[in-house]
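*Asks:* I have a structure I would like to understand better, so I am pasting it below and will then ask my questions one at a time.
Taken together, the values in this text are just the output of simple stated rules run on the coordinates, not laboratory data. Just so we're clear, the structure is a prediction, and the values are computed from it rather than from any experiment. Glycine also receives a Cβ, built like all others from the backbone with ideal geometry; neighbour counts cover every protein chain displayed.
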Amino acid sequence: MGGTMPELPEVTVIVKGLDKKLKGLTFAGVEYDWPKKFYWNGFSMKDLKGAKVKKVERIGKVVKIETDRAFTILIHLKLTGQLIYQDEKTRIAGGHPIPPLNSPVPNKTTRATFEFTGGGHLYFNDLRKFGWVKIVHSDQGSVDSAIGKLGPDALEISYKDFAQRLKKKPNSRIKKLLMDQAFVSGIGNIYSDEALWRAKIHPARSVASLSEVEIKALHKGINDAMKLAISKGGSSANSFVGSGGGKGLFLSFAKAYHMTGRPCERCGALIVRKKMDGRSAHFCPACQRLEP
Ligand SMILES: [Zn+2]
């Protein structure tokens, strides 16, 4: 399974669902078994109890739950986080597809359970425990410092800003740079492969070697790939776990990612997978050439 899931589209999809469902609900409490990654920052259960959800938003890959009190709840899904809301009638699930998003909750990957008056629960599951929950003061400064240094949002960055930021990193390899969250936030292994395929750029090209036309195509490729994934409900909704575990991801929108050995939709050459900077890059060796 790609180590950078969930990425921006998956988080966007779950945040939209949660915003609709949680708005107006009142917290009854929270339980968690991973205190190392659950930060109260001076707030306490007393503050949480009775607070109402005002809005659920996305900042990069972080889920932000605004309340009607002085605090905001931030949840970072990192590599394997999932969020599942469940009450008697509804289930909203998103994020990493392991364990399967329709598994019973709570389960052994459940790290935190927020309870709402009326009986609904929001489960934060995280198989590999890289994710975190931070309760922070709602002011912008506290939220920013809790999240850390993030580049502009991948879905919001303008072409001009994107091109200018690239110019400052001429020696970087393009795929690696796209996945750097301080350069631009929200892109991981899936959408860097997809955007580079769309722009016909080899993942190991240096930034300095890219033409203006290619940079334009790349900016568009990021947008198009992510918007398509969001419209299809994110990659998680379409994934399954094969009997051998791990493999078996099916992405209905994918042109390159996890398409190794299948014909390129544009030219028919077979998509290849190569280790690069410790990650797997998937690309078409015919229409994404390293040398012109
Ligand atoms: Zn091709």
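*Asks:* With the radius of gyration and the Kirkwood radius both derived from the Cα set of the range 118-166, what is their ratio Rg to Rh?
*Replies:* Ratio of gyration radius to Kirkwood radius for the range 118-166: 1.13.
*Asks:* Tell me whether the range 17-97 comes out rounded, prolate or oblate; compute the Cα gyration tensor, take square roots of the eigenvalues as a ≥ b ≥ c, and use a/c under 1.5 as the rounded threshold.
*Replies:* Rounded.
*Asks:* With viscosity set to 0.692 mPa s at 37 °C, what whole-number translational diffusion coefficient in µm²/s follows for the range 171-222 from Stokes-Einstein and a Kirkwood radius over Cα pairs?
*Replies:* My calculation gives 308 µm²/s for D.
*Asks:* Please report the base-10 log of the normalised intensity I(q)/I(0) for the range 8-147, using a Debye sum with one equal scatterer per alpha carbon and no solvent, at each q in 0.15, 0.19, 0.20 (1/Å).
*Replies:* Normalising to I(0) and taking log10 leaves -0.65, -1.13, -1.28.
*Asks:* On to the next question. What number, rounded to the nearest 500 deg cm²/dmol, is the helix-based mean residue ellipticity at 222 nm of the chain, given -39500 (n - 2.57) per DSSP H run of at least four residues and division by all its residues?
*Replies:* Result for the chain: -7500 deg cm²/dmol, rounded to the nearest 500.
*Asks:* Note down the relative contact order for the chain as a percent, whole number, built from C-alpha pairs under 8 angstrom at least six residues apart.
*Replies:* 18
*Asks:* Can you pick out the pairs among Lys21/Lys55; Lys16/Lys220; Lys175/Lys255; Lys23/Lys89; Lys220/Lys275; Lys129/Lys176 whose Cα atoms lie more than 20 Å from each other?
*Replies:* Too far apart for the 20 Å limit: Lys16/Lys220; Lys220/Lys275; Lys129/Lys176.
*Asks:* Then there is this: Rank these for me by crowding, Val11, Val213, going from fewest to most other beta carbons within 10 Å.
*Replies:* Result, fewest neighbours first: Val213, Val11.
*Asks:* Please compute the modelled spin-label separation between Lys129 and Asp47, points set 7 Å along Cα→Cβ, answer in nm with one decimal.
*Replies:* With each label placed 7 Å out from Cα toward Cβ, I get 2.6 nm.
*Asks:* Taking the Cα atoms only, what angle lies between the long axis of helix 212-231 and the longest principal axis of the chain, rounded to 10 degrees?
*Replies:* In the chain, helix 212-231 runs at an angle near 40 degrees to the longest axis.
*Asks:* Taking +1 at the Cβ of each Lys and Arg and -1 at the Cβ of each Asp and Glu, which of Ile14, Gly148, Ile201 sits farthest along the dipole of the chain towards its positive end, judged by Cα position relative to the Cα centre?
*Replies:* Ile201
*Asks:* Taking the number of other C-beta atoms within 10 Å as the exposure measure, put Cys284, Cys264 in order starting with the fewest.
*Replies:* Least to most surrounded, the residues fall as Cys264, Cys284.
*Asks:* Give me the orientation-averaged projected area of the Cα convex hull of the chain, in nm², one decimal.
*Replies:* Mean projected area for the chain: 15.5 nm², to one decimal.
*Asks:* Sort the following peptides by mean Cβ neighbour count (other Cβ atoms within 10 Å, averaged over residues), highest first: 164-172, 77-85, 133-141.
*Replies:* Ranked from most to least packed, the peptides come out as 77-85, 133-141, 164-172.
*Asks:* To continue, here is another question. Report the calculated FRET efficiency for Lys227 and Arg262 (r = Cβ-Cβ distance, R0 = 22 Å), to the nearest 0.05.
*Replies:* So the FRET efficiency works out to roughly 0.45.
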